[in-house]
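Values quoted throughout were computed directly from the atomic coordinates according to the rules given, and no laboratory measurement underlies them. Worth saying up front: this structure is predicted, and the values here are computed from it rather than measured. Heads up, the Cβs are rebuilt from the backbone with ideal geometry, glycines too, and the neighbour counts pull from every protein chain shown.
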Amino acid sequence: MTPIPLSRPPVDDEIRQAVLAAIDSRQYILGPQCRELEAELARHTGTKHAVLTSSATAALWMILRALGVTAGDEILVPSHTAFPTVEAICFAGGTPVFVDADDWYTLDPKDAATRVTPRTVGVVPVHLYGQPVDLPAVQDLATRAGLWVLEDCAQAQGAAWDGRRVGSFGRAAAFSFYPSKNLPAMGDGGAVLTHDDEVAARCRRLRDHGRLNKDVHAEVGFNLRFSELQAAALRVLLRRLDTMNDRRRALADRYAEGLAGLPLALPAQREHARHVYHLYVVRTPRRDELAAFLGARGIQTGLHYPVPAHRQPALEHLDPPTLPRTERLVQEILTLPMSASHADAEIDTVVAAVRKFFGA
Ligand SMILES: *Cc1c(COP(=O)(O)O)cnc(C)c1O
């Protein structure tokens with residue numbers, strides 16, 4: 001039996017050639033490939049600016065600094081997310097205020113509204129698993145409470161709401177090029193996308209030691225720059241992003257057809273949304289048994305995420321709230337193999353194994 005990985009990054013000659021050409025250029029950091037990619041990313045997302053950086057974690061941190069977050073500022077964030085979303089808030093000096101999940105596993109705007117205080121400055125919705133959050137409800141909350149919106153798009157590059165790309169709705173957005181994400185690099189990478197001239201300029205400065213020019217540093221930043229080799233590969237893949245996302249959506253349909261009728265909750269696409277299935281997450285109280293059953297058959301599965309942010313030991317000092325929906329769902333979720341490079345036959349193998357587990 002050939003193992004089926006959770007994710008498989010693309011590698012082919014067009015990508016290799018682009019990287020080799022970047023090697024020959026002898027320009028390795030923030031050169032012409034990065035500048036072109038920034039323009040192409042902004043165009044694809046529908047924002048004025050893109051600022052490449054070393055990871056989505058770095059992008060989130062720079063945006064929070066650019067928005068002027070200071071000690072005591074409260075920021076609404078879903079607990080059910082990758083830890084870096086929350087970590088960046090802490091690292092920027094803010095206080096995360098945890099919000100429960102809705103039926104689509106994303107930030108529940110109604111629960112968020114109950115947690116607003118006079119110290120709340122912003123909200124960081126996460127388009128989790130490739131599914132947009134309820135963007136109109138988040139924007140409505142932000143307008144009513146006077147908050148900025150920072151979209152965490154790390155799992156949702158290319159997703160849309162009513163035809164408009166995620167990452168173009170808030171004051172700014174963070175994207176990730178981690179090798180399993182929808183636009184994968186061959187290492188770490190990320191970007192800030194924004195319409196806001198000042199946020200873009202400030203992030204450009206922060207990623208390069210707070211520099212105004214070669215010799216003058218306007219503020220203390222850090223080294224969060226980006227590689228020409230990675231940019232060259234990403235330019236090839238960005239041209240394929242919509243096709244790769246269509247492939248993920250086709251595989252999600254294949255799963256949905258094959259797994260129908262089982263006692264298993266399948267991911268649904270919410271109305272108005274274009275879901276890009278960064279992860280294909282099913283739900284069952286028999287999650288651990290199912291994972292072991294599939295693992296024994298060479299099928300890799302994942303848990304995204306078994307320990308919610310508000311239960312992380314690192315954040316105990318925040319005296320976190322009880323979040324009943326989040327605490328329940330993290331015990332039942334299981335991620336099945338999914339990427340644009342998976343074959344139909346691999347999905348069929350996973351489907352057959354899951355059906356066998358349930359005796360169907
Ligand atoms: C992957 C991820 C991040 C962090 O991205 P990096 O590029 O690895 O720093 C942040 N938020 C979410 C939701 C993610 O999935």
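Between residue 23 and residue 43, the simple label model (points 7 Å from Cα in the Cβ direction) yields a spacing of 2.9 nm. Averaged over residues, the count of other Cβ atoms within 10 Å places the peptides 180-192, 119-131, 24-36 in the sequence 119-131, 180-192, 24-36, highest first. Each Lys or Arg adds one and each Asp or Glu takes one away; over the other residues whose Cβ falls under 9 Å from the Cβ of residue 33, this sums to 0. Taking R0 as 35 Å, what's the FRET efficiency between residue 325 and residue 242 from their Cβ-Cβ distance, rounded to 0.05? Using R0 = 35 Å, I get an efficiency of 0.60.
With a simple spin-label model that places each label point 7 Å from the Cα along the Cα-to-Cβ direction, the separation between residue 115 and residue 201 comes to 3.4 nm. Between residue 343 and residue 225, the modelled labels are 4.3 nm apart [label points 7 Å from Cα along Cα→Cβ].
Rounded to the nearest 0.05, the FRET efficiency derived from the C-beta distance between residue 360 and residue 1 at R0 = 30 Å is 0.90. Computed extension gain for residue 214 through residue 292, at 0.36 nm per residue and net of the alpha carbon distance, reaches 22.6 nm. Computed over the Cα atoms of the stretch 1-125, pair by distinct pair, the Kirkwood hydrodynamic radius stands at 17.7 angstrom. Charged neighbours of residue 46, selected by a Cβ distance under 10 Å, balance to +4 (K, R count +1; D, E count -1). Counted residue by residue at 0.36 nm each, then reduced by the alpha carbon distance between them, the extension gain from residue 253 to residue 332 reaches 26.3 nm. Cross-link partners for residue 214 among the lysines, with Cα-Cα distance under 30 Å and sequence neighbours closer than 8 places in the same chain left out: 48.
Most tightly packed first, judged by the mean number of other beta-carbon atoms within 10 Å of their residues, the peptides 283-289, 81-87, 339-345 read 81-87, 339-345, 283-289.
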